[in-house]
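As structure tokens, the structure follows; a few thoughts come after it.
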Amino acid sequence: CLGSTCMRAPKSHKKSMTWRRGAPLETHFKRSVSKGITLVEFNAAWCRPCRRQAAIIEKLSYDFTGTARVRTLDIDKHQGIALSLGIQSIPTIIIYKDGEEVKRFVGLQSAEILENALRAAIDATKS
């Protein structure tokens, strides 16, 4: 880790990732960000900046309940999704609006920056 980001080469082997109901996790991920505003934090257990980011993400999840979804995804457990999105450093935070990426942050972010980005995405939906 350097400063506010961690970089690690993805493992060469891939494990089959499935959702509880049998759908591929990639399909579930796409569905979960397909409607409304969703913030996804990509992290890993070994990443110190990610652990610091966790408290901010938890607060955002509480503050934006009913307005936006806030999720986390461990890149070590879900490498296929991370690779398909070009995530090379963590924490990476992506805000989606109706399935489309509208904002991406790499590295530790303050609550204020993320709150403002979520509000902007929500306000754009209302316009």
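The values are calculated or read from the model by the stated rules, or taken from the named source; none is laboratory data. In this text, all values refer to a predicted model and were calculated from it rather than measured experimentally. Using ideal geometry, Cβ is built from the backbone for each residue, glycine included, and neighbour counts are taken over all protein chains shown. The accessibility values were calculated without ligands, DNA or RNA, using every heavy atom of the protein model including side chains. Shrake-Rupley method; radii C 1.70, N 1.55, O 1.52, S 1.80 Å.
When the stretch 57-94 is filtered for residues that are of a type outside the set (S, T, N, Q), assigned to a helix (DSSP H, G or I) and open to solvent by less than 40 Å² (accessible area, probe 1.4 Å), the ones remaining, listed by number, are I57, L60, G80, I81, A82.
Take the residues in the stretch 14-56 that are part of a strand (DSSP E or B) and surrounded by fewer than 20 Cβ atoms within 10 Å (Cβ to Cβ), then tell me which one is modelled with the lowest pLDDT.
Looking at residues that are part of a strand (DSSP E or B) and surrounded by fewer than 20 Cβ atoms within 10 Å (Cβ to Cβ), I get T18.
Against the list (1) under 26 Å from E26 (Cβ atoms); (2) over 12 Å from the mean Cα position of the chain (by Cα), the condition T92 fails is (2). Restricted to the stretch 112-127, and to residues there that are in contact with a helix residue (DSSP H, G or I) (Cβ under 9 Å, 6 or more places away or on another chain) and open to solvent by less than 30 Å² (accessible area, probe 1.4 Å), the residue that is farthest from C50 (Cα to Cα) is L118. Considered as a group, the residues in the stretch 95-111 that are outside any strand (DSSP E or B) and within 16 Å of V33 (Cβ to Cβ) include one that is most open to solvent (accessible area, probe 1.4 Å), and that residue is D98.
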